[in-house]
1. Taking every Cα atom in segment 18-224, find the radius of gyration and the maximum pairwise distance Dmax, and write them in Å.
2. Shape verdict for segment 109-159, please, from the Cα gyration tensor: rounded (a/c under 1.5), prolate (a/b greater than b/c) or oblate.
3. I'd like the Kirkwood hydrodynamic radius of segment 56-131, using the inverse of the mean 1/r over distinct C-alpha pairs, in Å.
4. Across the chain, how many lysine pairs separated by 8 or more positions, or lying on different chains, have Cα atoms within less than 26 Å?
5. Which percent of the Cα-Cα distances in segment 1-117 go past 26 Å?
6. Mean residue ellipticity at 222 nm from the helices of the chain, using -39,500 (n - 2.57) per DSSP H segment of n ≥ 4 over the full residue count, to the nearest 500 deg cm²/dmol?
7. Counting other C-beta atoms within 10 Å, which of 154, 175, 73, 145 has the fewest, and how do the rest follow?
8. Which Cα, out of 186, 170, 138, lies furthest along the positive dipole direction of segment 132-225 (beta carbon charges, K/R +1, D/E -1)?
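The numbers here are math on the coordinates, done by the rules we state, and not lab data. Predicted model only: the values in this text are computed from it and were never measured. Cβ coordinates were reconstructed from backbone atoms using ideal geometry, including for glycine residues, and neighbour counts include every protein chain displayed.
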Amino acid sequence: MQDLTNWRPRPAPEGVSVTGRYVMIEPFHREIHEAELWAALGGPGINDLIRFFPNGPYETASQLGDWLSANAKAGMVVNIFRDRRTGNVVGMASLMRADPGNGVVEVGSVAHGAAMARTPMSTEAHYLLARHVFDDLGYRRYEWKCHNGNEPSKVTAIRLGFTFEGVFRQHIVSKGANRDTAWFSMIDGEWPDISNAFEAWLDPSNFGPDGRQKRRLEDIRQDVR
């Protein structure tokens, strides 16, 4: 059992600014990012990408911007992903429902555009966010939640190193329907091994000339434990 005698509340999350090998992360600014994010997520096709979100559908970039701005005012920290090579916006994810007193925060509103999906950028973006949560902010718990019907999101959470904790039945009403929510987490005691696995997977030596991975992230994580 952890000795938390000296535990003190941690800072509330703010926008993340960090550059990795493959991706750059920066805080959302509507006047800079709205149009490019809309295009990166597929324009009107964004509604297919975010069909499990409790918000939308959207017909214009400004509607998406309205939602992101409203949530930012309510405390959600929206982060934008850019391809380090091209500088293009490729996706987003937010730090939300922060509980600095207990050192808990969730990553949510995750949307990877086509240029980012299934590339090292997507893995590195989540590594950099997790590293910020644990190493910079000193948080104890990092959460991932999704619609229980969103199988790709659940697979991604497990791949990234989150642990499945269960399903909250009838958690919320979303778009006029019930939503059961799957909960996942990683905690600070697990983070060193998870971090080492991320670093090993992201190393250029783990990719062949064709860009394909040599070892899966899950397999590396098993080996570093």
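1. Expressed in Å, the Cα Rg and Dmax of segment 18-224 come to 16.7, 48.
2. Numbers: a/c = 2.52, a/b = 1.32, b/c = 1.91.
Oblate, because a/c is 1.5 or more while a/b does not exceed b/c.
3. Working: mean 1/r = 0.0738 Å⁻¹.
Its Kirkwood hydrodynamic radius stands at 13.5 Å.
4. On the way: 73/145; 73/175; 145/154; 145/175; 154/175; 154/214.
Eligible lysine pairs with Cα atoms under 26 Å apart amount to 6.
5. Numbers: 1643 of 6786 pairs.
That tail contains 24 percent of the Cα-Cα pairs.
6. Details: 7 runs with 70 residues, N = 225.
About -9000 deg cm²/dmol.
7. Working: 154 18, 175 12, 73 8, 145 21.
By the 10 Å Cβ count, ascending: 73, 175, 154, 145.
8. 170
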